[in-house]
1. Right, Arg119: assigned to a strand (DSSP E or B) and surrounded by fewer than 13 Cβ atoms within 10 Å (Cβ to Cβ) or not?
2. Can you tell me how many residues in region 8-29 are at pLDDT 85 or above, in contact with a strand residue (DSSP E or B) (Cβ under 8 Å, 6 or more places away or on another chain) and on the phi < 0 side of the Ramachandran plot?
3. Of all residues in region 54-67, how many are modelled with pLDDT under 85, open to solvent by 60 Å² or more (accessible area, probe 1.4 Å) and not in a strand (DSSP E or B)?
4. Is it the case that some residue within region 68-86 is in contact with a His (Cβ under 9 Å, 6 or more places away or on another chain), assigned to a strand (DSSP E or B) and at pLDDT 85 or above?
5. So which residues in region 1-36 are surrounded by 11 or more Cβ atoms within 10 Å (Cβ to Cβ) and assigned to a loop (DSSP other than H, G, I, E, B), if there are any at all?
6. Hey, any hits in region 95-105 for a residue that's loosely packed, with under 12 Cβ neighbours inside 10 Å and either closer than 30 Å to Arg163 by Cα or of a type outside the set (A, V, I, L, M) (or both)?
7. Out of the residues in region 37-53 that are surrounded by 15 or more Cβ atoms within 10 Å (Cβ to Cβ) and of a type in the set (Ser, Thr, Tyr), which is farthest from Gln99 (Cα to Cα)?
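The values are calculated or read from the model by the stated rules, or taken from the named source; none is laboratory data. As the structure is a computational prediction, the values presented were derived from the model and not from experiment. Glycine gets a Cβ as well: all are built from the backbone with ideal geometry, and neighbour counts include every protein chain shown. Calculation scope for accessible area: heavy atoms of the full protein, side chains included, ligands and nucleic acids excluded. Shrake-Rupley method; radii C 1.70, N 1.55, O 1.52, S 1.80 Å.
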Amino acid sequence: QFDLLVEAAAGEEVTLTFPNLNTVPQGYRLRLTDLNTGRTVDLRTTPEYRFVSTGRTRLQITVERAARTGALITSVNVSSAGRGTNSVSITYVLADNAQTSVQILGSDGRTIATLHRGRAATRGVNTVSWNLRDDQGRAVPPGTYQVQVEARTEDGQTARAVRPLVLTR
């Protein structure tokens, strides 16, 4: 645990950055608590902290070993994209709350559509729909695609799952 005191003119906006967090081993959780306001942020997902100074701001950084939960993404299911469908449903199950990204990739591995990027998802079942359009709003042609789900917990645990999707029209 580290106690910090930041002194700045009252009303001045202050930004604290933590550029070397990647040097802290992944198995540790880092939390910054503003003792003046009670606000807490996870430094793994928010590597800077901004606030308006009241003159003296007391902060506390807590480092603790994170509990391992095993597989973060426990399943991914993609509904059929058969003839006549206008969308597909992508369901994934998380073992813990996480920041998630869900993307549709072409056969060459390039991103066709980004459905979620850095979105908070809760432990348990999460569902996202894809309207069968690329990021520019154009209908995608029939073919084989990949659904990629990535998740990152606040303690730095990451997981990635990829499932095939065959689209016929």
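1. Working: assigned to a strand (DSSP E or B): yes; surrounded by fewer than 13 Cβ atoms within 10 Å (Cβ to Cβ): no.
Judged against the criteria, Arg119 is not a match.
2. Number satisfying all stated conditions: 8.
3. The total comes to 1.
4. Residues of region 68-86 in contact with a His (Cβ under 9 Å, 6 or more places away or on another chain): none.
No, every residue in region 68-86 fails to be in contact with a His (Cβ under 9 Å, 6 or more places away or on another chain), assigned to a strand (DSSP E or B) and at pLDDT 85 or above.
5. Once the filter is applied, which keeps residues that are surrounded by 11 or more Cβ atoms within 10 Å (Cβ to Cβ) and assigned to a loop (DSSP other than H, G, I, E, B), region 1-36 yields Ala8, Glu12, Phe18, Val24, Gln26, Gly27, Leu35, Asn36.
6. Pass one, region 95-105, residues loosely packed, with under 12 Cβ neighbours inside 10 Å: none.
Checking region 95-105: not a single residue is loosely packed, with under 12 Cβ neighbours inside 10 Å and either closer than 30 Å to Arg163 by Cα or of a type outside the set (A, V, I, L, M) (or both).
7. Just the residues of region 37-53 that are surrounded by 15 or more Cβ atoms within 10 Å (Cβ to Cβ), to begin with: 41-45, 47, 49, 51, 53.
Then drop every residue that is not of a type in the set (Ser, Thr, Tyr), which leaves 45, 49, 53.
Numbers: Thr45: 8, Tyr49: 18, Ser53: 29 Å.
This residue is Ser53.
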